[in-house]
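Okay, structure first, notes after.
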């Protein structure tokens with residue numbers, strides 16, 4: 001049965017989020033708020049948790065998962081970033097963008113793209129998520145919480161509780177999220193002199209990045 005944490009969106013309670021971080025450290029799967037929608041998260045280096053998260057979401061190992069990071073220095077540990085890419089990342093983060101970059105050897109093969117060896121990374125602009133990442137002390141692997149057979153992510157923590165409380169270890173209720181997908185930008189062409197590839201236009205403004 002999932003633990004249920006009611007967290008203040010603008011002034012999150014560290015005591016409660018420390019309990020949530022402890023659950024993550026012990027292999028838990030959590031439903032968490034982000035700056036785009038609710039997501040499922042687990043430890044990057046816990047194969048059992050990753051497999052269980054995929055089963056909860058009913059997605060296979062071909063589905064691209066995203067790494068949530070605290071800051072750009074952490075992101076650079078998991079992705080190859082050149083100067084051009086770094087300038088764009090600095091301009092866009094934190095924010096509702098997902099960046100596709102070439103993965104470093106720090107990323108387990110099972111969570112990078114099987115052919116391209118790329119990884120999707122995010123620095124979410126959500127105080128609860130930022131504090132949870134800080135308390136956890138490492139990136140978290142994430143997937144948008146979209147129920148199987150549906151197209152829209154869940155946005156009501158009580159609805160998430162009713163549907164998933166027997167499958168998750170905790171649910172963090174910080175109120176409704178914006179309920180808009182991230183803008184997905186493939187930055188890999190930039191490493192060979194190319195331009196950013198817009199994979200999906202979402203909540204993150206392209207104009208703000210000069211794209």
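Residue by residue through segment 157-182, note down the ones that are in contact with a helix residue (DSSP H, G or I) (Cβ under 9 Å, 6 or more places away or on another chain) and either within 21 Å of residue 89 (Cβ to Cβ) or free of Cβ contacts under 8 Å to residues at least 60 places away in the same chain (or both).
176, the sole residue that qualifies.
Can you name every residue in segment 64-84 that is under 26 Å from residue 132 (Cβ atoms) and either free of Cβ contacts under 8 Å to residues at least 24 places away in the same chain or in contact with a strand residue (DSSP E or B) (Cβ under 8 Å, 6 or more places away or on another chain) (or both)?
Passing the criteria: 64, 65, 66, 67, 68, 69, 73, 75, 76, 78, 79, 81.
Can you report the number of residues in segment 190-207 which are in a helix (DSSP H, G or I) and either exposed (fewer than 12 other Cβ atoms within 10 Å of the Cβ) or touching a helix residue (DSSP H, G or I) at 6+ places or on another chain (Cβ under 6 Å) (or both)?
The qualifying residues number 3.
For segment 82-99, which residues satisfy the criterion of being outside any helix (DSSP H, G or I) and either touching a helix residue (DSSP H, G or I) at 6+ places or on another chain (Cβ under 6 Å) or surrounded by fewer than 22 Cβ atoms within 10 Å (Cβ to Cβ) (or both)?
Selection gives 82, 93, 94, 95.
Given (1) surrounded by fewer than 19 Cβ atoms within 10 Å (Cβ to Cβ); (2) under 15 Å from residue 36 (Cβ atoms); (3) in contact (Cβ under 8 Å) with a residue 60 or more places away in the chain, identify the lone condition not met by residue 148.
Going through (1) surrounded by fewer than 19 Cβ atoms within 10 Å (Cβ to Cβ); (2) under 15 Å from residue 36 (Cβ atoms); (3) in contact (Cβ under 8 Å) with a residue 60 or more places away in the chain one by one, residue 148 breaks only (2).
I'd like the residue in segment 34-63 that is in contact with a strand residue (DSSP E or B) (Cβ under 7 Å, 6 or more places away or on another chain) and within 17 Å of residue 96 (Cα to Cα) and, out of all such residues, is surrounded by the most Cβ atoms within 10 Å (Cβ to Cβ).
The selected residue is 41.
Every read-out reported here was derived from the displayed coordinates using simple, explicitly stated rules and does not represent laboratory data. This one's a predicted model, so the numbers in the text were calculated from it and none came from an experiment. Cβ coordinates were reconstructed from backbone atoms using ideal geometry, including for glycine residues, and neighbour counts include every protein chain displayed.
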